[in-house]
1. Please identify every one of the trypsin sites (Lys or Arg not before Pro) in segment 3-65 that sits in a loop by DSSP and has no more than 15 other beta carbons within 10 Å of its own beta carbon.
2. Considering just Cα atoms, how many Å³ per residue does the convex hull of the chain enclose?
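Read-outs: derived from the displayed coordinates by stated rules, not from any lab. Quantities reported herein were computed from a predicted structural model and do not represent experimental measurements. All Cβ positions, glycine included, derive from the backbone under ideal geometry; neighbour counts span all protein chains shown.
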Amino acid sequence: CVSLSDPLKESSRSQESWSSFLTKLRTLLLMSFTRNLGRFEDEMRTLREKRTEPGWSFCDYFMVQ
């Protein structure tokens, strides 16, 4: 939770609040990206490990990769 001050005011508190907001937003976006990338890598690993099973499709694996 971040409290934002009026951005039109030229106070240090306003600058700190917006800086804190942008830092928090950047952190949360990176966390979300990292989590989704991890899921994608797990799915790709699962498909790669199934390559010895009958019915494995290189085209499906290629599209994921």
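1. Answer in residue order: Lys9.
2. Expressed per residue, the convex hull around the Cα atoms of the chain is 94 Å³.
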